[in-house]
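What follows is a set of notes on a single structure, which appears directly below.
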Amino acid sequence: MSGAHAESNVLRAEGRAVDGTTVGVLLARLRRYWLLVLAVTAVAVMAAFAVTSRTPTTYEGRTSLIVSSNDRSPDQDAVLVQGYAVYFDNGAYQRQLLRTAQVPSDVQVSAQSAAASPILVISATTSDPETAQAYAIQVAKAFMDDINRVRAQEQAEQLVALQDQLDTALGSNTPADQAVVTDLQGRIEEIRTDQVNVLQELQAQGGVSAQPPSLFGNLLPAVVGGLFLGLVAALVLASLSRRLHSGQDVADKVGLRTLVELPRTRSREGWPEQEQRLGQLANIARARLTGPRVLAVAQPEEGSAAPLIARRLAREWAKQGYATVLVDAGGGILTDGRVATPLMRSGLLPGLSLLQLAPRSTEDAQAVSVSELSNLLQQEAQAGQYVVVAAPAVVQSAIGQAICQAADQTILVVDSDVTRVAAAREAVAVLRQMGATLMGAVVAAVGEDADQDASGTRPASSTAGRPSSDEPPPEGPHHHHHRPDLTARVGLAAADAAPSGALGRDAEKGRA
């Protein structure tokens with residue numbers, strides 16, 4: 001594969017891993033807590049059912065008032081009625097109005113204009129149909145009297161003044177006084193018949209309607225509110241979680257860029273996608289190494305993810321035609337400053353070899369120190385081979401830290417099922433203090449995958465119907481679950497055969 005193609009894979013994989021603004025990242029976080037969202041929504045729905053079942057039926061009584069001015073059109077009166085409705089619905093005014101009408105303060109009253117007409121409908125809601133109608137009439141009369149009071153006082157004052165003038169004019173018999181009497185009588189009649197801006201009773205008994213509790217009216221806001229609260233709770237828990245579930249979590253909580261995220265495979269249909277991601281990882285790592293180099297693959301804490309990723313990465317490079325050496329440096333073998341006897345074996349897959357650090361069988365068996373092993377790995381890389389080291393846990397093993405420091409670059413494997421935020425942060429801090437070069441992180445959930453690989457059920461290639469020469473033989477039922485045995489799973493020949501390179505020559509000396 002060309003370098004440009006490999007770089008494009010780098011950009012695509014990293015863009016998918018670290019883009020925290022995409023809907024997919026949020027959905028992935030919410031999907032982990034879907035049970036919480038469902039539980040909160042269910043509680044809200046049950047609360048809505050309980051409220052509906054306990055809410056009694058209410059009754060609404062109505063009374064109608066009207067403004068019918070005798071010198072202007074009804075549409076002008078309709079505008080005035082809308083103002084009356086707004087004035088009536090003011091909370092402070094309603095409390096005062098209820099006291100004036102001698103209506104209990106817990107009675108709900110309201111006013112609204114009837115469409116675009118000068119009719120004002122006043123309603124009162126109670127738990128009894130008779131009191132609902134009576135309270136509506138009382139409140140409407142109190143409101144009508146309050147609105148008309150000022151105008152009635154003005155009219156009364158005008159009528160008193162005109163009546164005094166009329167009495168004076170009637171006491172005189174002159175023709176001029178008779179004309180004044182006629183004018184005053186006309187003005188008095190005009191004032192008495194003037195109904196401008198006056199609220200009048202249209203229909204006192206407007207009727208009573210029953211209003212049973214609405215299940216839909218309670219259920220809809222309960223579902224919406226429950227979903228909202230559940231989503232907020234899920235996002236808060238995701239941000240506070242001590243586990244690393246995605247590349248965005250690694251970026252936000254650890255500060256390390258994620259190379260690829262390996263999807264969890266729950267069935268055979270998911271294996272091709274995972275194999276595709278592994279191919280992307282192989283291309284990304286090879287592009288970053290810029291040639292045969294030593295690559296360490298390690299986890300923050302002990303687990304099966306790092307050896308598994310190291311094995312798959314080595315196999316992918318070998319299938320692409322690059323000579324690769326896979327080094328198993330874990331399993332509790334590196335316990336002091338002296339490394340056990342290195343054993344080199346060639347794999348069934350052309351170009352793939354395994355260097356296993358086996359326990360020393362005799363006192364005179366060859367042993368190398370960590371520094372010597374690092375030099376040998378570098379010589380092997382200089383011989384034109386890619387070297388992948390499955391290093392011990394970084395936090396728990398000082399030798400694992402030394403191997404990562406000696407390697408050209410290190411991939412930190414985050415197992416989303418077990419890796420803790422604190423351990424990942426500590427591993428990154430230690431490696432950076434030691435001067436180790438961190439290529440990035442790989443996020444995977446391999447607990448289930450490790451079992452499948454150990455039992456030999458996972459296909460070695462996503463291409464159906466093609467035999468795979470690097471497929472490992474199945475292990476027995478008592479396989480190692482904590483840390484996979486790379487010797488049994490990489491597909492090795494029975495006979496030992498060291499690859500061409502310094503490491504192979506030194507290993508052969510150890511077996512001589």
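The values are calculated or read from the model by the stated rules, or taken from the named source; none is laboratory data. Source: prediction; values computed, not measured. We place every Cβ from the backbone using ideal geometry, glycine too, and count neighbours over all the protein chains shown.
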What are the residues in region 86-114 that are over 16 Å from Thr63 (Cα atoms) and of a type in the set (A, V, I, L, M, F, W, C), if any? Val86, Ala92
Failed condition for Thr168, given (1) within 27 Å of Pro74 (Cβ to Cβ); (2) surrounded by 11 or more Cβ atoms within 10 Å (Cβ to Cβ), with all others met? (1)
Selection status of Ser68, over 30 Å from Ala210 (Cβ atoms) and at pLDDT below 90: yes
With respect to Gly186, determine if the residue is under 60 Å from the mean Cα position of the chain (by Cα) and either at pLDDT below 80 or not charged (D, E, K, R) (or both). no
Across region 78-105, the tally of residues that are closer than 16 Å to Asp145 by Cα, touching a residue at least 24 places away in the same chain (Cβ under 8 Å) and surrounded by fewer than 18 Cβ atoms within 10 Å (Cβ to Cβ) stands at 3
Of the numbered conditions (1) of a type outside the set (A, V, I, L, M); (2) assigned to a helix (DSSP H, G or I); (3) surrounded by fewer than 19 Cβ atoms within 10 Å (Cβ to Cβ), Arg264 fails exactly one; give the number of that condition. (2)
Would you mind finding the one in Ala78, Ala115 that is in the same structural domain as Glu201 (by TED's automatic domain parsing), at pLDDT below 90, among the aliphatic types (A, V, I, L, M) and assigned to a loop (DSSP other than H, G, I, E, B)? Ala115
Residue identified as in contact with a strand residue (DSSP E or B) (Cβ under 7 Å, 6 or more places away or on another chain) and assigned by TED's automatic domain parsing to the domain that holds Tyr386 among Ala310, Ala287, Ala251: Ala310
For region 191-220, what are the residues that are part of a helix (DSSP H, G or I) and surrounded by fewer than 12 Cβ atoms within 10 Å (Cβ to Cβ)? Arg192, Thr193, Phe216, Gly217
For region 288-339, the count of residues that are modelled with pLDDT under 85, of a type in the set (S, T, N, Q) and either part of a helix (DSSP H, G or I) or touching a helix residue (DSSP H, G or I) at 6+ places or on another chain (Cβ under 7 Å) (or both) equals 1
In the same structural domain as Gln203 (by TED's automatic domain parsing), at pLDDT below 90 and of a type outside the set (S, T, N, Q), is that true of Ile137? no
Scanning for something touching a residue at least 24 places away in the same chain (Cβ under 8 Å), among the aliphatic types (A, V, I, L, M) and touching a Gly at 6+ places or on another chain (Cβ under 6 Å), does region 214-226 turn up at least one residue? no
